[in-house]
Amino acid sequence: MLRVLAVDDEAPALGELLYLLRADPRIRSAEGATDATEALRRIGRALEAGPDGDEAVDVVFLDIHMAGLTGLDLARLLAGFARPPLIVFVTAHEGFAVHAFDLKAVDYVLKPVRRERLAEAVRRVSELAHASAAPAPPAASEHIPVELAGITRFVAVDDIVYVEAQGDYARLHTEEGSHLVRIPLSTLEERWADRGFVRIHRSHLVALARIDELRLDGGATSVRLGTTELAVSRRHARPLRDLLMRRAGG
């Protein structure tokens, strides 16, 4: 069953859309957002929770004309995610259909929304969601949403040098600075294993390609990443050394 987020800055239109969606037996849950920024925050929380979390979003039913970020802007941002939700545009304007399908939208529903037409869109989404249930290969580029002073930014995973555990949070370190996200380090370790991130300590996850030196000093092991030096725990020292040797030999 599908978990839906509907986005429209007109309250009556949003309420009607949510009413129709919640009446469809294929919809597990349907929540609303009144602008693109609120939608990004909700989808960001869903990514932190993982694909099986209560806040996970399978599909976004998205208005195009909205104040601030438009529906097309939001769809472009979501396309940069590793596993973006499916998109269905719901709009009063026919002229954006080409742009919508350039963004790989599943469907394009015109307002006023008819129950039968919406049911057809849900059917298409449901078929695609079931077809893609198997694990997908990692995307060429993945971004993670971070918030700073009420502004949502998107940090490319390829720009992250290392990650530091801070309780139930993790601090992402890039060459430009750092960002705190509400994701446990263990979750990022599992999610980014195929992107070359390795655990070197209970407190640190590093990008293998960013390691400049492996240092051995009196039985202690550390790595240098640019100007940063991090300790490697005894448990991780041998696997890391072997991994770096295989990488150098390959």
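Go through the stretch 213-230 and give me each residue that's within 14 Å of Leu243 (Cα to Cα) and charged (D, E, K, R). Can you show your working first?
Of the residues in the stretch 213-230, the ones within 14 Å of Leu243 (Cα to Cα) are 213-214, 223.
Within the stretch 213-230, Glu213 is the sole residue that qualifies.
Given the conditions (1) of a type in the set (Lys, Arg); (2) at pLDDT below 90; (3) open to solvent by 70 Å² or more (accessible area, probe 1.4 Å), which single one is not true for Arg195?
All conditions are met except number (3).
Give Glu175, Glu164, Glu189 a once-over and let me know the one that is open to solvent by 30 Å² or more (accessible area, probe 1.4 Å), in contact with a strand residue (DSSP E or B) (Cβ under 8 Å, 6 or more places away or on another chain) and either within 16 Å of Leu240 (Cα to Cα) or polar (S, T, N, Q) (or both). Full working, then the answer.
Details: Glu175 fails: either within 16 Å of Leu240 (Cα to Cα) or polar (S, T, N, Q) (or both); Glu164 fails: either within 16 Å of Leu240 (Cα to Cα) or polar (S, T, N, Q) (or both).
When all the criteria are applied, what remains is Glu189.
Could you check the stretch 10-35 and list, in sequence order, the residues that are free of Cβ contacts under 8 Å to residues at least 40 places away in the same chain and touching a Leu at 6+ places or on another chain (Cβ under 8 Å)?
Arg28, Ala30, Glu31, Gly32, Ala33, Thr34, Asp35
Search the stretch 64-76 for residues being open to solvent by 10 Å² or more (accessible area, probe 1.4 Å) and over 17 Å from the mean Cα position of the chain (by Cα), and hand back the single one that is nearest to Glu142 (Cα to Cα). It would help to see each step written out before you state the result.
First, the residues of the stretch 64-76 that are open to solvent by 10 Å² or more (accessible area, probe 1.4 Å): 65-70, 72-73, 76.
Narrowing the set further to residues that are over 17 Å from the mean Cα position of the chain (by Cα) leaves 65-70, 72.
Working: His65: 27, Met66: 26, Ala67: 27, Gly68: 24, Leu69: 21, Thr70: 22, Leu72: 19 Å.
Here the residue is Leu72.
Within the stretch 151-187, restricting attention to residues that are part of a loop (DSSP other than H, G, I, E, B) and over 20 Å from Leu78 (Cβ atoms), which residue is modelled with the lowest pLDDT? Give the steps one after another, and end with the answer.
Going through the stretch 151-187, the residues part of a loop (DSSP other than H, G, I, E, B) turn out to be 167-168, 175-177, 182-184.
Now narrow it down to the ones that are over 20 Å from Leu78 (Cβ atoms): 167-168, 175-177, 184.
Values: Gly167: 88, Asp168: 85, Glu175: 92, Glu176: 88, Gly177: 90, Pro184: 89.
The qualifying residue modelled with the lowest pLDDT is Asp168.
Does the stretch 77-115 hold any residues that are among the acidic types (Asp, Glu), in a helix (DSSP H, G or I) and under 26 Å from His143 (Cα atoms), and which are they?
Narrowing the stretch 77-115 to residues among the acidic types (Asp, Glu): 94, 102, 107.
Filter again for in a helix (DSSP H, G or I), leaving 94, 102.
Across the stretch 77-115, the qualifying residue is only Asp102.
The values are calculated or read from the model by the stated rules, or taken from the named source; none is laboratory data. Keep in mind that what you see is a predicted model, and the values were worked out from it rather than measured. Neighbour counts are summed over all protein chains in view; Cβ atoms, including those assigned to glycine, are modelled from backbone coordinates with ideal geometry. We work out accessible area using only protein heavy atoms, side chains counted, and drop any ligands, DNA or RNA first. Shrake-Rupley method; radii C 1.70, N 1.55, O 1.52, S 1.80 Å.
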